[in-house]
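Worksheet: the structure to be examined is printed underneath.
The values are calculated or read from the model by the stated rules, or taken from the named source; none is laboratory data. Computed from a predicted model, the values in this text were never measured in an experiment. FYI the Cβ positions are ideal-geometry reconstructions off the backbone, even for glycines, and counts take in every protein chain you see. For accessibility, only protein heavy atoms count, side chains too; no ligands or nucleic acids. Shrake-Rupley method; radii C 1.70, N 1.55, O 1.52, S 1.80 Å.
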Amino acid sequence: MIEIKSVVKQYGRKRVLDNVSLNIEKGKITSFIGPNGAGKSTLLSIISRLIGKDGGEVYLEGQLVDRIDYNDFARRLSILRQTNHINVRLTVRELVSFGRFPYSEGKLKAEDLEHIEKALEYTQLQDEQHKYLDELSGGQRQRAFIAMVIAQDTDYILLDEPLNNLDVKHSVEIMKILRRLVRELGKTVVIVMHDINFASCYSDHIVAFNKGQIVKEGEVEEIIRKEVLEDVYDTNFVVQDIMNRRICFYY
Amino acid sequence: MKTKQKIYVLSIILLILLFLYLALGLNPVIWRYALSLRIPKTIALLLVAASIAFSSAVFQTLTNNRILTPSVLGLDSLYMLIQSFIVFVFGSGTLARLGENFNFIVSVAFMVGFSLLLFRFLFKREERNIFFLLLVGLVMGTFFQSLSTFMQVLIDPNEFLVIQNRMFASFNNMNTDILWLALLISFLAVLFALKDLRTLDVLSLGRENAINLGVNYDYMVKKFLIIISILISVSTALVGPITFLGLLVVNLAREILKTYKHNYLITGAILIGSIALTFGQLMAERIMNFSTPISIIINFIGGLYFIYLLLKESKI
């Protein structure tokens, strides 16, 4: 479990996160939704220690994250940011191999190779593994980065808008991979999402943010409701059940 | 060709050039004397090439930029300022009397001290990133340059000649005592970095990916920046400003080796740097008859290559 206790982050005078407390349960997909600038990505970055915080604490399975050694932390929690521009020219396999760095320090052993194969298989990139990243389509590239995170084999996987710029087919593919990770390997996945319908269809738990605070959190049925969403996004919503899913209409 | 084979080829080219440099024009009468001059120069060439290549390769990885060299930290300009200042205040006579040893130690101490101060000031606050450091380094470099120019125009033209001699890197009038000291310091600095070479591969993925993969990013950047500043300070104080060479050799190494692995990349850059300097020195000694300092040859070729790089990058 990840416990977040009254976390504060401010840039100058602006409070991006204002006393946020939250528990993220193990073995589930938790989605962060909310308008731009609500603090979702910032919270994700704070949990994964990419940026510092100005107050509060984050615990990973009861342990204060700031006290966990860098390498140890990288074996337990991984993060994938939305912008993944890399300056060096790498093949898919080379990128995925980087996921083993916390274990191998660059010298791959038999066990590492096994994890790399498994990650490629999970993301169906075996045929593309020797292609360079700049030769891939957006969806394949995103899958390659997810494969790296899978090879990293952490219990917790944090993803910042993994569906950004992807078409419907690739978005569904990626969400299915994530579901499989949770179901088969017992991973805990936290995603920042902009598409509410994707959040509704694939999450176990949804946390709605606005203006640096959590407006409401709960199961899909509790959050994907007209009143809640209108409050969060300040837009008119129509929510309907279609094939046992909650689908929003807001166009 | 595999990366390893390319490295072997480069090594062979270097060995041939080194042999040529050492052996050309030797005869039974002067060989002892000639070698006593050429061997220290060769060692200095290799040391400078290795320092510049190593620090430029690491610096480009830290900044994630292929057209930067550590010269943006302003160390070259600081070196010129120190030289100008000594001549301006005490006169070139004092500079000669104090000896090269003293000058070397003072220059290295000031340059390393300056960089440590810069890093300390910059890393105190979290949100300042490495590009802020570059900006400050650039501003300070320009400031040092203006100060040196100011002093240079005020002094006696004869004194200015002494400074001018130091503006261009040269292997011809080097003191052997300093060479061993320089070798020792650089060796220790590199030793300190050796076990983290693989971390550089991860650092080239950028800050966020590096942290995600368990690298203590801030610590590593600080550590490598300190090593870079020591290496640059030592080689600049030894032969003069020559950091431009780094741009040339690291990019050539990237072009030729086409690898992201830093152990190959750095080895390749060091070999190419050594080849370039040995070849340059051969040209300067045999063809130009010592009339042109090697750094002019290097800067000429480096400049052309830099323009080529800019043109190529703008096309993409």
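A few notes on this one:
- Pairs from the table (A:LYS109/A:LYS131; B:LYS222/B:LYS312; A:LYS28/A:LYS216) lying more than 29 angstrom apart at Cα are B:LYS222/B:LYS312.
- Surface/4 estimate of mean projected area, convex hull on alpha-carbon atoms of the protein assembly as shown, nm²: 30.8
- Chain A, relative contact order [Cα under 8 Å, separation at least 6], %: 25
- The range B:3-315: relative contact order in percent, alpha carbon pairs under 8 Å with at least 6 residues between: 34
- Sum of -39500 (n - 2.57) over DSSP H runs of 4+, divided by residues of chain A (222 nm, nearest 500): -10500 deg cm²/dmol
- 0 to 90° range, to nearest 10: angle between helix A:138-152 axis and chain A longest Cα axis: 80
- Ellipsoid semi-axes for the range B:69-187, based on the Cα gyration tensor and the rule √(5λ), read 27, 19, 11 Å when sorted largest first.
- Calculated over the range B:3-315, the projected area of the Cα convex hull averaged across directions stands at 17.5 nm².
- Calculated P(r) tail over 19 Å for the range A:170-251, as whole % of Cα pairs: 39
- Sequence-distant residues sharing a close amide H with A:LYS216 (under 5 Å, placed H): A:ALA208
- Residue-wise HN-Hα coupling along the range A:73-82, computed from phi with Karplus coefficients 6.51, -1.76, 1.60 (Hz; x: Gly, Pro): 4, 5, 8, 10, 9, 10, 10, 10, 7, 6
- The coefficient of translational diffusion for the range B:48-138, derived via Stokes-Einstein from the alpha carbon Kirkwood radius under 25 °C and 0.890 mPa s, stands at 165 µm²/s.
- Antiparallel bridge percentage (DSSP; both residues within chain A; nearest 5): 60
- In nm, spacing of pseudo-spin labels at B:ILE13 and B:MET1 (7 Å Cα→C-beta vector): 0.7
- Loop trypsin sites (Lys or Arg not before Pro), the range B:156-220 (other Cβ atoms within 10 Å of the site Cβ: 11 or fewer; DSSP): B:LYS195
- Interface burial for A against B (accessible surface, 1.4 Å probe, total of both chains, Å², rounded to 100): 2000
- Computed over the alpha-carbon atoms, the range A:111-193 gives an Rg to Rh ratio of 0.94, Rh here being the Kirkwood radius from the mean inverse distance.
- Taken over the Cα atoms of the range B:229-290, the convex hull encloses 92 Å³ per residue.
- Taking Cα atoms only, the orientation of helix A:168-185 departs from the longest principal axis of chain A by about 80 degrees.
- Dipole of chain A, positive direction: furthest Cα of A:PRO102, A:HIS205, A:GLY37, with charges on the beta-carbon: A:GLY37
- Expressed per residue, the C-alpha convex hull volume of chain A stands at 134 Å³.
- Between B:VAL153 and B:ALA23, full extension at 0.36 nm per residue minus the direct alpha carbon distance yields a gain of 42.5 nm.
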